[in-house]
Amino acid sequence: MDPKHFFSSSNVLIVAGKGGVGKSTVAATIATAASQTGLSVLLVEVSGRSATAPMFGAQAQGYDEAVVIDEADHDDQRGRVSLRSITPDDALTEWLNSHGFGRLVTRLSSVGILDVIATATPGIRDLLVLGRIKALEQEGVADLIVVDAPAAGHAVGFLRSPVGVRDAARSGVLNRQANEILELMGDPKRCQVVLVTIAEETPINELIETSFAIEDELGVRLGPVVVNALLDELDGLSPTSPSDLPPAADGLEPADLDALRLAATFRHERQQLQASQLTRLEAQLPLDQLHLPMVFSPVIGTTERELLAQHLNQQITERVANDPEDHQGTTP
Amino acid sequence: MTRWFDLIADRKVIVCCGTGGVGKTTTAASIAVTAAQAGRNAVVMTIDPAKRLADALGVNGLGNTPQIVDGPWPGTLAAVMLDTGETFDDVVRRNARDAAHAERVINNRFYRNVAGTLSGTQDYMAVEKLAELTESNQWDLVVVDTPPTRDALTFLDAPRVLSRLLDNPIYKLVTSNRGGVFQIANRAAQTIVSQLGRVVGASVVDDAVTFFQSFEGMEQGFRDRALATSALLTQDATSFVLVASPRADTLDEARYFCEQLTSNDLSPDAIVINRTLPRPGVDATRAATLQHQLNQTSLESASIALSDLIRLSTDDRQRVQELAALAPEALLLTVPLLASDIHDVPGLIDFASRVCEPAAD
C-alpha cells in the first residue's frame, strides 16, 4: 500500500505494546514516516515522561504543543510534526473545566476528592487522556494523531478504560464521555491500533493474547503489527563455520577465530529464534507484519529515526495489503 | 557467589523489584529454587496476572494458596499467585463484626471496584499476603515478584495506601455522622457531594458513601495491620533484589527504583542483570580489520556478526556498569541471554546455575 494512503486511513493511530519492545521508538518512527509522506502529525505521549523528544533532538515536552519537525526546514514535501504530553491529571483538570465544573476543580483538589473520583471509577485516568485525544481529533489539529500508549503491564488496560468507566459510572457526563470514546475507537476510519513487539517468545505470546482481547472486547481496528529490533539475516552462518577454515591460511590469530566462532554461533542462534518466532506470529495472528531493523546505536537520534521511518514506509509499500476497506479482522 | 548463596540461605523475605520484561518472575523463581536446593522451605509469590510464574515452573496454573512444586532438592518449593480480590475479601472478613457485616462490604460496588482494580490495592494485598505467608511459620523464605507497574515500588507505600483511603474526606464526612442514617450536616460538604454526583453519576457517589458507612468499625484493624506490614518490609531479614536488563529503557527504570528504595531508607542487596550478551575476545578495531579482510570469503557473514556483536555487547557492558553504579554496595550478578524462555523446573535449575558475578575488565 502507498504509505500516504495507509497513514490517511485513520485520524488516530495508537501505538501499544509492553515495556522493552521499543514502543516509543516505533511511535516516533511512525510519526516521522507519516511526515515523510507530507502529512501533518501530532505525536502524543501519555506516560508523563518524554521518551520521544530526544529522538527529535528536542527538550522534554509539556502539555502545550511543540513543533519538532517544521515543514519549512525541509526541501522535500514534509509534513509538520508536533509533540505534546497529556497526563491524566492535566486531562482531568481540563476536562472538569471544559464541562462547567471549573469552580469545583480547586475545591475538589484541595480536599482530595479527585482521588475519590479516580478510585470510584477505575480507568478514569486513562479515559480522560483518551477523551482529550478525541477532542483533538475532532478539532482536526493534524492529519494524523499518533499516540504513544502507556507501557505499564498489558496494553489492553489503557484501551479498555472506557469500558470500565462506562460500567462504573452508569449515568452522568463521564458515562457519556466513555461512550463517545468507544464510538471513536470502534470506527476504523477514525482510529486504528498498531501493536509493537520483538521477535521473542514471551512478547509474541502476549501480543497474540492482546490482539484478540482488543478486537473481541473493543471492536477496535488493528493495523499491521510492527516487529521491532530485527537482526539482518546473514547467510552461511553455522555454529561451527569458522573452525572449518585453517587458521594460518588467512593470517587469523586463534583469538580472532574464537571471536568469530562465538559471534557466528550467537548470531546463528538468534537468527533461528527470530525466524521461528516470526513464523509463529504469522501462523497465529493474521495481521500484516512490518519489520524494523535493530539499531546499532546506544541512543536513537534524528539520523536513526529518519532512517527507521524510511524503512517503515518501504515495509508499508511492500507488505500492507491494498484495501483497508476490506479489513477482515483477526478472527479466523 | 558466596555472598549470593549466603543471602538466599539467610533471609526470611526477598523482594524482587524491577520493570516488566526483564525476567523478574524467572529470577524470583530461581531464587526460590536455589533456596530449596540449600534445604530451605521456600515459597515464591507472584502478582503478575500474566501466568509467567506458572509457565516458568511448568505447572498448570496457580492459586491464592501455596502449591508445592516437586523437584530434585532437599528443601521445599511452593508457588502462589496473588488474587487481589480474594485476599481483600479475607481481610474484610477478619476485621468485620460478623458475617453479615463482611458481606455488606464485599457486595458493595464501590468496594468491588477498589478491591479488584486499584493498583495501590494490589500492592497492599501483596504485602498482606506476604505477611500471611510469613506468619504461617511454614516457610523459611518468602520470595516476592512485584507487579510490573511503571510507578513501581508503590509496593513499599502499600500499607499507607489504605490509610490514605481512610483519611479521605468522604470517609470522614459520612462516618462522623453517628446517627446511622446518612445525613450530611455540613452544607458545603453536601454541595460537594451533589456536584460530584453530576460528574461521575449519582450511583457512584451512593456506592461510595454506602461503602464508607459499612466500613466503619473495621478501620482500626486495618490501620494496625498496615503498621505491622510496614515493619515487615523494613526488617533486617528482608532483602531487596533489583532485577534489570542491559537496555537503555530499563536503566532509567532501575535508577528510579533505587531512588525509591533510598527514599525509604532501604537499598538493594543485589542487582541481577538478565539477558547479558557474550563478549568476544577482540576489540572493535580488530573486528573492522577482520571484516575488511574476510570480505567475500566464507567467513564474511561471521565477520559481520562479530562487528555487530561487539557493538551490542559494548553498549551492554556500558549499561551493566551504569547499573552497578546505582548501588555500589550491592552485589552485582549477571545472567547470560538464553536461547529460549523457561518452561520447566530443569530450565529453572539451569537458569539458577548461570547466575554469576561479572568478570572484571
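The values are calculated or read from the model by the stated rules, or taken from the named source; none is laboratory data. Here the structure is a predicted model, which means the values were calculated and not measured. Cβ coordinates were reconstructed from backbone atoms using ideal geometry, including for glycine residues, and neighbour counts include every protein chain displayed. Areas reflect the complete protein model, heavy atoms only, side chains present, ligands, DNA and RNA absent. Shrake-Rupley method; radii C 1.70, N 1.55, O 1.52, S 1.80 Å.
Among the residues of A:267-279, the average count of other protein chain beta-carbon atoms within 10 Å of the residue beta-carbon is 2. The B-A contact accounts for approximately 5100 Å² of buried accessible area, totalled over both chains at a 1.4 Å probe radius. Among the residues of A:251-261, the average count of other protein chain beta-carbon atoms within 10 Å of the residue beta-carbon is 6. Charge dipole (Cα centre; +1 on Lys/Arg Cβ, -1 on Asp/Glu Cβ; no other charges) of the protein assembly as shown amounts to roughly 2300 debye. Charges were assigned to the Cβ only: +1 to each Lys and Arg, -1 to each Asp and Glu. The resulting dipole of chain A about its Cα centre is roughly 1400 debye. Inter-chain Cβ neighbour count for A:170-177, averaged per residue, equals 5 (cutoff 10 Å, partner chain atoms only). Starting from the Cα gyration tensor of the protein assembly as shown, take the square roots of the eigenvalues, sort them a ≥ b ≥ c, and report rounded, prolate or oblate (rounded when a/c is under 1.5, otherwise prolate if a/b is larger than b/c, else oblate). Judged from the Cα gyration tensor, the protein assembly as shown comes out oblate (a/c at least 1.5, b/c at or above a/b). In terms of distances greater than 24 angstrom between alpha carbons, the cross-link table entries A:Lys18/B:Lys12; B:Lys24/B:Lys51; A:Lys23/B:Lys129; B:Lys51/B:Lys129; A:Lys134/A:Lys189 yield A:Lys18/B:Lys12; A:Lys23/B:Lys129. Any chance you could give the angle, 0 to 90 degrees and rounded to 10, that helix A:156-168 forms with the longest Cα principal axis of chain A? That helix lies at roughly 20 degrees to the long axis. Axis angle, to the nearest 10 degrees, between helix A:254-284 and the longest C-alpha principal axis of chain A: 50 degrees. For region B:65-147, the Cβ-based charge dipole about the Cα centre amounts to some 420 debye (Lys, Arg positive; Asp, Glu negative; other atoms uncharged). Using a probe of 1.4 Å, the accessible surface attributed to B:Ser301 totals some 20 Å² when neighbouring protein chains are kept in position. Here's the picture: charge each Lys and Arg Cβ at +1 and each Asp and Glu Cβ at -1 in chain A, and of A:Gln272, A:Ile214, A:Ala169 the one pushed furthest to the positive end of that dipole is A:Ala169.
Approximating the spin labels as points 7 Å out from Cα along Cα→Cβ, the A:Ala321-to-B:Asp265 distance works out to 6.3 nm. When both bridge partners sit in the protein assembly as shown, DSSP labels roughly 10% of those beta bridges antiparallel. To the nearest ten degrees, helix A:23-36 and the longest principal axis of the Cα atoms of chain A are 90 degrees apart. Packing, as the average of other Cβ atoms within 10 Å across residues, places the peptides B:318-330, B:70-82, A:81-93 in the order A:81-93, B:70-82, B:318-330, highest first. Helix content alone sets the calculated 222 nm mean residue ellipticity of chain A: runs of n ≥ 4 DSSP H residues at -39500 (n - 2.57) each, divided across all residues, give -14500 deg cm²/dmol.
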